[in-house]
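Student: Once you've had a glance at the structure underneath, I'll fire off some questions.
The values are calculated or read from the model by the stated rules, or taken from the named source; none is laboratory data. Since this is a predicted model, take the numbers as computed values, not measurements. When we count neighbours, we look across all protein chains shown, and the Cβ atoms used for this are built from the backbone with ideal geometry, even at glycine.
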Amino acid sequence: MALLELNQIYRAFGGVVAVNEVDCLVKSGQIKAVIGPNGAGKTTLFNIISGVLRPDRGTILFEKRPIAGLKPWQIAHRGISRTFQHLSLFPHMSVLENVMVGRHHQTSSGIISSIFRFPGQRREEIEIRDFSMKELEFTDLADLAGVQVGDLSFGQRRMVELARALATEPRLLLLDEPASGLNTRETVDFAKLICRIRERGVTVLLVEHDMSLVMDISDEILVLNFGKPIAEGDPSAVRNDPDVISVYLGGAFSDVTD
């Protein structure tokens, strides 16, 4: 069943076309990757899906409901969460506090309840803390719950951002270059974690340059070049597509297929 449908998505910045008539279907339960050279429009496409940018034209359906033009918080409420290419965390807050931020949309207590610590507000905070701790356990960060994010390694901060995204209880998770900056061991562990996330019933759409990671975990791959789709299919089909090889990868698949 289609979870996300993009139809003829177009976005330009002045005279530069960033996303050019992109169609894309993401099925429920899939891990789907979007790849392409730098400047291909991958992050722009993510920004459009998550509401950071509006498309100039085209439609986006999530669970058969239109979301193009909604604000990011409204899209998050619908069940789409994301991580960013450049980490977006609060360095002077603890790991747990950063993840608790992801539960903000689940809160109902107002400022008065928070100031006077009414019983309902205290119960709500305990529930948010307990839920966030479960996500830290899932991402193997529970032992770091009280540590300031600014004191963590880059790889650990990547995991914190992922735990925060999971705390929103998404049905679709957008990962923008999640392996960027990770070493080989961290990348292998991250790939396993993405598969475990899918086992939880979360559909994953990722942008990634690490072709080994993409080929190992993806069910389908969409390839963009200058904002336009040039290939789409399972990893085997994309790996052998002559347009993909000539435009983007060249001989880069040799170490993936050996």
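Student: Do we have any residue at all in segment 39-60 that's under 23 Å from Ser212 (Cα atoms), crowded, with 19+ Cβ neighbours inside 10 Å and in contact with a helix residue (DSSP H, G or I) (Cβ under 9 Å, 6 or more places away or on another chain)?
Tutor: Yes: one or more hits.
Student: Could you go through segment 175-186 and let me know if any residue there is aliphatic (A, V, I, L, M) and under 12 Å from the mean Cα position of the chain (by Cα).
Tutor: Yes, that holds for at least one residue.
Student: If you check Ile9 against the conditions, is it of a type in the set (Val, Ile, Thr), in the same structural domain as Ser212 (by TED's automatic domain parsing) and modelled with pLDDT of 95 or more?
Tutor: yes
Student: Residues of segment 156-176 being surrounded by fewer than 20 Cβ atoms within 10 Å (Cβ to Cβ) and closer than 30 Å to Met1 by Cβ, which ones?
Tutor: Passing the criteria: Glu169, Arg171.
Student: Hey, any hits in segment 46-60 for a residue that's under 22 Å from Ile194 (Cβ atoms) and hydroxyl-bearing (Ser, Thr, Tyr)?
Tutor: The answer is yes, given that some residue of segment 46-60 is under 22 Å from Ile194 (Cβ atoms) and hydroxyl-bearing (Ser, Thr, Tyr).
Student: Please go through (1) surrounded by fewer than 20 Cβ atoms within 10 Å (Cβ to Cβ); (2) in the same structural domain as Ser28 (by TED's automatic domain parsing); (3) modelled with pLDDT of 90 or more; (4) of a type in the set (D, E, K, R) for Asp151 and return the number of the only condition it doesn't satisfy.
Tutor: Condition not satisfied by Asp151: (2).
Student: Let me ask you something else. Being assigned by TED's automatic domain parsing to the domain that holds Glu177, touching a His at 6+ places or on another chain (Cβ under 9 Å) and of a type in the set (A, V, I, L, M) narrows it down to one of Ile60, Ile35, so name that one.
Tutor: Residue meeting the stated conditions: Ile35.
Student: Counting only residues that are more than 24 Å from Met93 (Cα to Cα), give me the helices (runs of 4 or more DSSP H) lying completely in segment 148-258 with at least 3 of them.
Tutor: Those helices (runs of 4 or more DSSP H) span 184-199, 211-217, 235-239, 254-257.
Student: Right, next: Kindly indicate whether any position in segment 63-78 is among the aromatic types (Phe, Trp, Tyr), touching a residue at least 24 places away in the same chain (Cβ under 8 Å), under 18 Å from Leu172 (Cα atoms) and part of a strand (DSSP E or B). Explain how you work it out, then say what you get.
Tutor: Residues of segment 63-78 that are among the aromatic types (Phe, Trp, Tyr), as a first pass: 73.
Subsequent filtering for residues that are touching a residue at least 24 places away in the same chain (Cβ under 8 Å) retains 73.
If we keep only those that are under 18 Å from Leu172 (Cα atoms) too, we end up with 73.
This time we only want the ones that are part of a strand (DSSP E or B), so: none.
The answer is no; no qualifying residue exists.
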